[in-house]
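Report on one structure; see the data block that follows.
The values are calculated or read from the model by the stated rules, or taken from the named source; none is laboratory data. Model, not experiment: these values are computed from the prediction. Note that each Cβ is placed from the backbone with ideal geometry, even for glycine, and that neighbours are counted across all protein chains shown. Heads up: the accessible areas ignore ligands, DNA and RNA and are worked out on the full protein's heavy atoms, side chains in. Shrake-Rupley method; radii C 1.70, N 1.55, O 1.52, S 1.80 Å.
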Amino acid sequence: MLAQMSDDGDWQRTYDARQRYFESTVGPLPRDILKIPNMMGAWPRGGLFVIPAKKISELLTVYTTFGFTNPDMSTAVQPKDGDRPAQDRSPSGVKFSLLKRTPVAAGPGAAGHGYEICVVAEPNQQWPLNFLQWAVGAEILKGAGLLARVEQFDGLTVGELSVGVDQPFNFLIAKARAPWPVGTQLPSGKMSILIATTITDQELKWSMENGREALLKKLDEAHFGQISLPGRECVIAKSTPSMQTSVPTTIVGANAEAIMRDMAAILFRGLAASLGEAPVKHAFADIRQGDDGGMISKVRLVRPDGSIESSPGDDAFVPSEVLTLFEELWDLRDTAFPDRWYGLTINIFPDGKSEFEFNYDPDCALDDAFFEN
């Protein structure tokens, strides 16, 4: 068998080290690994994992290969025609010649192919698994050498790839960036992590002229980063919105910063706990108060198409803990901030980041259209 080409002890040590790394950076591995039926003959000890990203964001899941860095995987298995017993065929009918193996250059000191490849997306999605199956076939059956290409060109784009949805997707494949796992040293060598991110048609064309690194920067600035949210707005076509206000350049009181961090953390936990299967670009809480003490507040979800809607049930309301912290922040307006404000919007993003916008209009709490989406 193919697995016998590598010492079981080496394989187990590599597996255990890889598991520890993913669990320390992403979250606990599920009990079962997902096998690809038509790759059983070529990749018997590899498969796919669907890992809730509890270490980073309760809203996201990491879909990943698990076995490209096995000690016996620095080669590609070529399918061939010819008569073979039915039991030697894969479930799809493809026949694998386990004797015809083509070396794949993965770089000095690499573990197996030198990388695992992931998709970061929302939970309970099938298309990321379909993409990973494509990547497995490209690497193991065709010797694509994805890691070498990514390193040579600062990323790799794949256009018009069918992944089992109505329309084909475009992908940007690049080395992972924090907060996602970037790779580690395994007993059998170095493991890099690649992340494939869905991109729009315009982003694909733009990257061909401006480079993949430049596109990654645009995605980071838009708070998408390497997260795949099919149907989101294009970061290239997006014009900078007219902000109602800007965040003060200086916050004098350190306690104010701590209060704001606590408010964002509470809102993020609430969003993670209430999120359904529908994709969300980000959420925001808008809190306003007049000098007479009258307060209005709301929480809203922003979908990838830009539409705004209420959170389900009680999650449409700002948690009382956040309102209490808002009152503490309100009391610091004249000592911790350069200008007096009357409202605060907290934007929460799936990657765990947050942004604050202050409203300096004394009458902002009197907005009759405040509760309209």
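Can we say PHE284 is of a type outside the set (Val, Ile, Thr) and surrounded by 14 or more Cβ atoms within 10 Å (Cβ to Cβ)?
Values: of a type outside the set (Val, Ile, Thr): yes; surrounded by 14 or more Cβ atoms within 10 Å (Cβ to Cβ): yes.
When the stated conditions are applied, PHE284 passes them.
Quick grid of which residues meet (1) assigned to a loop (DSSP other than H, G, I, E, B); (2) surrounded by 18 or more Cβ atoms within 10 Å (Cβ to Cβ); (3) without any contact (Cβ under 8 Å) to a residue 40 or more places away in the chain:
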{"position": "VAL322", "(1), (2), (3)": "no, yes, no"}
{"position": "PHE326", "(1), (2), (3)": "no, yes, no"}
{"position": "LEU329", "(1), (2), (3)": "no, yes, no"}
{"position": "ARG340", "(1), (2), (3)": "yes, no, yes"}
{"position": "ASN347", "(1), (2), (3)": "no, yes, no"}
{"position": "PHE358", "(1), (2), (3)": "no, yes, no"}
{"position": "PRO362", "(1), (2), (3)": "yes, no, no"}
{"position": "ALA369", "(1), (2), (3)": "yes, no, yes"}
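In a strand (DSSP E or B), at pLDDT below 55 and among the charged types (D, E, K, R): is that true of ARG101 in this structure?
Details: in a strand (DSSP E or B): yes; at pLDDT below 55: yes; among the charged types (D, E, K, R): yes.
Yes: the conditions hold for ARG101.
Being of a type in the set (Asp, Glu), closer than 26 Å to ALA176 by Cβ and modelled with pLDDT of 95 or more is the requirement here; does GLU122 meet it? Step through it out loud before you land on a result.
Numbers: of a type in the set (Asp, Glu): yes; closer than 26 Å to ALA176 by Cβ: yes; modelled with pLDDT of 95 or more: no.
So GLU122 does not fit the description; no.
Kindly establish whether ILE251 is modelled with pLDDT of 80 or more and not in a strand (DSSP E or B).
no
When the range 287-305 is examined, which residues are found to be open to solvent by 20 Å² or more (accessible area, probe 1.4 Å), at pLDDT 80 or above and within 22 Å of the chain's Cα centre (by Cα)?
The one that is open to solvent by 20 Å² or more (accessible area, probe 1.4 Å), at pLDDT 80 or above and within 22 Å of the chain's Cα centre (by Cα): ARG303.
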